[in-house]
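K.L.:
Can you read through this structure? Questions will come right after.
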Amino acid sequence: MIHRKILFYVFTLLSIHPIDAQTREEALSEFDWITGFIQRNYPGYEIKTQGKENEWNQRTAALRNIIIQRPDTLPFSMDQYVRYFNDGHLWVNTTPEGNAKFQPIIQRELARRAKSHRPESFNMYYTAKAMNDSTFFLRIPSFADSESNEIVEKNLKEITSRPYLIVDLRGNGGGNDMNFQTLMALVYSQPYLTHGVELYATPDFLSLYRRLATENPEDTWARFCQDMADSVAQHLGGYVLRPGLQRIRLMKRDSVYPYPRKVGILIHGRNASSAEQFILEAKNSEKVTLFGNEPTLGAIDLSNVYSFTSPLGWFRLGVPTTRSCRWPDIVIDGKGIAPQIPVPYPDSMQERDHIGEEILYIERVLRGIPCRTSANESTEK
């Protein structure tokens, strides 16, 4: 029996008017390409579908039948198929050509969603601010570029002259691990173990690395890609460690900053990818306490995403190429990383350089000052 959610999705899509220009054969070929590519290359496919093969086949067949009846609904069927895997690193988008091809139905869907959409605020403002003589505050909404390292370097003297540091990571969906290294040096207290990643050695990824090795003009990156291609060629069908990495690594830094002595990191349900990697590494420090009211998103086990264009050029498919060496024995995807201390205040996601009540609460906890909130005040009465 088809899952109720699939039936609801079928009826929703069939209520949309078709466009005549789309051919059934082209739409099916694009859908079959994406399902086949994921099955061949997605590192989580076997484990996520194991024991659920019949259910998975029914889901796929249901979406394919939608396309047979309504080829113009292809973008939504593609998106729905990808969402079944519940992986923030697996995605599909229309290209400019795809947008033009499916513009009428996409515009109608966007208009429908806009009617019921509740605007969400995101904390996208970098902030570095001394709260007082004892506490420094950093708001780092992304590890996507070097600004996350630069803001720490610029304020290093002030940060390291105070015993307390608060780092607000709300809204930080990740980026690149290299962009949290300066911050990690601040919170580090002792050596710790971390897991490496291993590449899924498939023919498609072999072609990818061979192409990258020839296209990239930068010698170091070209050599890395060629080394990866050579390793993949020797281990097709299995997994191979990326050059220079180990399954489990001992992370050891040359020095420990005396200050900050205590670090509070405010985490959030939208933290993912490299943000979660930073949180995982930072929580090994004796200095660090994780604050927040919800676990992180849980999108880190399968990573290092590359995108691929569909045969007709209508879609870009983003696929993780590696899996963590801790996976599947230790799973974070779908679970996230839990905070250690809840914060009795709601998230204020557009504070810019404002210091909200939730930040003041974290400072009081770090300093060991008894905290009075509306909850315990009413209890005392």
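K.L.:
Taking the conditions exactly as written (among the aromatic types (F, W, Y), touching a residue at least 24 places away in the same chain (Cβ under 8 Å), within 30 Å of V240 (Cβ to Cβ) and touching a Pro at 6+ places or on another chain (Cβ under 9 Å)), does Y126 satisfy them or not?
P.N.:
So Y126 does not fit the description; no.
K.L.:
Turning to a different aspect of this structure: Pick from the stretch 243-290 the residues that are out of contact with any Pro (no Cβ under 6 Å at 6 or more places or on another chain), open to solvent by 50 Å² or more (accessible area, probe 1.4 Å) and among the hydroxyl-bearing types (S, T, Y): which of them is nearest to T135 (Cα to Cα)?
P.N.:
Y257
K.L.:
Sticking with this structure for a sec: Which of the residues belonging to the stretch 290-324 are among the aliphatic types (A, V, I, L, M) and under 26 Å from Y345 (Cα atoms)? Please lay out each step first, then the result.
P.N.:
Restricting attention to the stretch 290-324, the residues satisfying the condition of being among the aliphatic types (A, V, I, L, M) are 290, 297, 299-300, 302, 305, 312, 317, 319.
Answer for the stretch 290-324, where residues must be among the aliphatic types (A, V, I, L, M) and under 26 Å from Y345 (Cα atoms): L290, L297, A299.
K.L.:
Can you pull out the residues in the stretch 149-186 that are in a loop (DSSP other than H, G, I, E, B) and either touching a residue at least 60 places away in the same chain (Cβ under 8 Å) or closer than 21 Å to V365 by Cα (or both)?
P.N.:
Listed by number, the residues that qualify are T160, S161, R162, P163, L169, R170, G171, N172, G173, G174, N176.
K.L.:
State all residues of the stretch 242-292 that are among the β-branched types (V, I, T), part of a loop (DSSP other than H, G, I, E, B) and in contact with a strand residue (DSSP E or B) (Cβ under 8 Å, 6 or more places away or on another chain); if no residue qualifies, say none.
P.N.:
Matches in the stretch 242-292: I267 only.
K.L.:
Surrounded by 12 or more Cβ atoms within 10 Å (Cβ to Cβ), of a type outside the set (K, R), at pLDDT 95 or above and not in a helix (DSSP H, G or I): does that describe A62?
P.N.:
Values: surrounded by 12 or more Cβ atoms within 10 Å (Cβ to Cβ): yes; of a type outside the set (K, R): yes; at pLDDT 95 or above: yes; not in a helix (DSSP H, G or I): no.
In short, no.
K.L.:
Let me ask something additional. Just name the residue that is most open to solvent (accessible area, probe 1.4 Å) out of those in the stretch 331-368 that are of a type in the set (V, I, T) and under 22 Å from Y126 (Cα atoms).
P.N.:
Ranking the qualifying residues of the stretch 331-368, first place goes to I355.
K.L.:
Please state which of the following conditions L312 fails to meet, knowing it meets all the rest: (1) open to solvent by less than 60 Å² (accessible area, probe 1.4 Å); (2) closer than 30 Å to G98 by Cα.
P.N.:
All conditions are met except number (1).
Yes/no per residue for (1) under 30 Å from V319 (Cβ atoms); (2) at pLDDT 95 or above; (3) aliphatic (A, V, I, L, M); (4) open to solvent by 40 Å² or more (accessible area, probe 1.4 Å):
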site: F136; (1), (2), (3), (4): no, yes, no, no
site: D145; (1), (2), (3), (4): yes, no, no, yes
site: E150; (1), (2), (3), (4): no, yes, no, yes
site: R170; (1), (2), (3), (4): yes, no, no, no
site: M184; (1), (2), (3), (4): yes, yes, yes, no
site: H195; (1), (2), (3), (4): yes, no, no, yes
site: F205; (1), (2), (3), (4): yes, yes, no, no
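K.L.:
Just the residues that are within 15 Å of R253 (Cα to Cα) and among the polar types (S, T, N, Q), please, taken from the stretch 156-190.
P.N.:
Within the stretch 156-190, Q181, T182, S189, Q190 meet the criteria.
K.L.:
Would you mind telling me which numbered condition in (1) open to solvent by 30 Å² or more (accessible area, probe 1.4 Å); (2) in a helix (DSSP H, G or I) G51 fails?
P.N.:
The number of the failed condition is (2).
K.L.:
Anything in the stretch 65-85 that is more than 15 Å from Y45 (Cα to Cα) and outside any helix (DSSP H, G or I)? List them, or say none.
P.N.:
Scanning the stretch 65-85 gives a single hit, R70.
K.L.:
While we're on this one: Identify, by number, the condition in (1) under 30 Å from N57 (Cβ atoms); (2) among the aliphatic types (A, V, I, L, M); (3) modelled with pLDDT under 90 that L110 doesn't meet.
P.N.:
(1)
K.L.:
Only residues that are surrounded by fewer than 19 Cβ atoms within 10 Å (Cβ to Cβ), touching a residue at least 40 places away in the same chain (Cβ under 8 Å) and part of a strand (DSSP E or B): list them for the stretch 293-307, please.
P.N.:
Of everything in the stretch 293-307, those that are surrounded by fewer than 19 Cβ atoms within 10 Å (Cβ to Cβ), touching a residue at least 40 places away in the same chain (Cβ under 8 Å) and part of a strand (DSSP E or B) turn out to be N304, V305, Y306.
K.L.:
Now for a different question. Among the residues of the stretch 315-326, what is the count of those that are surrounded by fewer than 20 Cβ atoms within 10 Å (Cβ to Cβ) and under 16 Å from L245 (Cα atoms)? I'd like the intermediate steps shown before the answer.
P.N.:
Of the residues in the stretch 315-326, the ones surrounded by fewer than 20 Cβ atoms within 10 Å (Cβ to Cβ) are 316, 318, 325-326.
Applying the additional criterion that residues be under 16 Å from L245 (Cα atoms) yields 325-326.
Qualifying residue count for the region: 2.
K.L.:
Would you please name the residue that is surrounded by the most Cβ atoms within 10 Å (Cβ to Cβ), looking only at residues in the stretch 86-108 that are assigned to a helix (DSSP H, G or I), touching a residue at least 24 places away in the same chain (Cβ under 8 Å) and not basic (K, R)?
P.N.:
Within the stretch 86-108, the match that is surrounded by the most Cβ atoms within 10 Å (Cβ to Cβ) is G98.
K.L.:
Identify, by number, the condition in (1) under 25 Å from the mean Cα position of the chain (by Cα); (2) modelled with pLDDT under 95 that Y200 doesn't meet.
P.N.:
Here Y200 clears every test but (2).
K.L.:
Let me ask you something else. Does any residue in the stretch 65-85 that is over 26 Å from A299 (Cα atoms) and of a type in the set (D, E) come within less than 6 Å, Cβ to Cβ, of a residue that is open to solvent by less than 10 Å² (accessible area, probe 1.4 Å) and in a helix (DSSP H, G or I) six or more places away or on a different chain, and which pairs are these?
P.N.:
Every condition considered, the pairs that remain are D72/I105.
K.L.:
Against the conditions (1) surrounded by fewer than 18 Cβ atoms within 10 Å (Cβ to Cβ); (2) at pLDDT 90 or above; (3) hydrophobic (A, V, I, L, M, F, W, C), where does I67 fall short? Just the number, please.
P.N.:
Evaluating I67 over (1) surrounded by fewer than 18 Cβ atoms within 10 Å (Cβ to Cβ); (2) at pLDDT 90 or above; (3) hydrophobic (A, V, I, L, M, F, W, C) leaves (1) as the failure.
The values are calculated or read from the model by the stated rules, or taken from the named source; none is laboratory data. As the structure is a prediction and not an experimental result, all values here were calculated from the model. Cβ atoms come from the backbone with ideal geometry, glycine included; neighbour counts cover every protein chain shown. The area values use the complete protein model at the heavy-atom level, side chains included, leaving out ligands, DNA and RNA. Shrake-Rupley method; radii C 1.70, N 1.55, O 1.52, S 1.80 Å.
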